[in-house]
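**Student:** I'd like to ask some things about the structure below.
The values are calculated or read from the model by the stated rules, or taken from the named source; none is laboratory data. Because the structure is a prediction, the values reported are computed rather than measured. Ideal geometry is used to build each Cβ from the backbone, glycine not excepted, and the neighbour counts take in all protein chains shown. The area values use the complete protein model at the heavy-atom level, side chains included, leaving out ligands, DNA and RNA. Shrake-Rupley method; radii C 1.70, N 1.55, O 1.52, S 1.80 Å.
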Amino acid sequence: MQGQSPWATERHHHRQSGLSDDIDYEIKGQELQFVEIELDPGESAVAEAGSLVWKDASIEMTTVFGDGSGDQGGGFMGKLLGAGKRLVTGESLFTTVFTHHGRGKARVAFASPTPGAIIPLKLDSVGGTLICQKDSFLCAAKGVQIGVHFQQKIMTGLFGGEGFIMQRLSGDGWVFVQMGGAIVERELAAGQELHVDTGCLAAYTPSVDFDLVRAGGVKSMIFGGEGAFFARLTGPGKVWVQSLPFSRLAGRMLAAAGSRGGANRGEGSALGSFGDLISGN
């Protein structure tokens, strides 16, 4: 993706009826982007701690237990379960909710912590669910649920039943996910396969079948510089690929600084705590 990002300085205005708050937004910037969300009175956005850039004074911040999606999960126990899922994916038990309590319109801005792009996705346009890297979520309209997705089929063969962890975003509203480097969106037909480095797989829709395939022979695993496995994605459905996952950037920086582990350290971030093992590190 060269030149002007298709998501840069994008404005969006849309009215809907659904569970999530209906928000307007504008994405600004090129390699280092931020999203500016416009709220009507009573509307809310949820975001990860530390992503706020600025807000109008009439927007109040509240820290809530879980993902801020309300009692859709069934009261306190539902919130407890939602918070536990966030903890499993490496996020905090708490989410920050930004609510406009004044008159007219007010704005709040959130920034991605890494170079790349912020992708706006209307969840009901992709079937209501998106599966993505476990640190992809940046912010969303209140009502979007942030959960966990286990790749159990893969791990049953590799690690005796333990599944590696990705993030599951579900609902009907807008969600903003952060991806590294340049972004490619691929639409896979039924039966069509795409092979992606595990760290470069940013997100996909649940209709896509996901599996791990061993990448070549022993020589390529030891000397080729690539991980021992890559992701095999089979359509139908949509897949988002990122050219520079933050784990790869961090690995190169550690290697340049003389850190132990080499240039490939940290790749395979989709695999969570099993990433180094699967990547052959």
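**Student:** State, to one decimal in nm, how far the label point of residue 194 lies from the label point of residue 207, with both points 7 Å from Cα in the Cβ direction.
**Tutor:** According to this spin-label approximation, the distance is 1.4 nm.
**Student:** Ok, one more. Just to verify a number: FRET efficiency for residue 49 and residue 105, C-beta to C-beta distance, R0 = 22 Å, to 0.05?
**Tutor:** E between residue 49 and residue 105, to the nearest 0.05, is 0.35.
**Student:** What accessible surface, in Å², does a 1.4 Å probe find on residue 165, ignoring ligands, DNA and RNA and rounding to the nearest 10?
**Tutor:** It works out to around 40 Å².
**Student:** Between residue 61 and residue 249, what is 0.36 nm times their sequence separation minus the Cα-Cα distance? Round to one decimal in nm.
**Tutor:** This chain segment gains 64.4 nm when fully extended.
**Student:** Now for a different question. Quick one: accessible surface of residue 122, probe radius 1.4 Å, all protein chains present, in square angstrom to the nearest 10.
**Tutor:** 20 Å²
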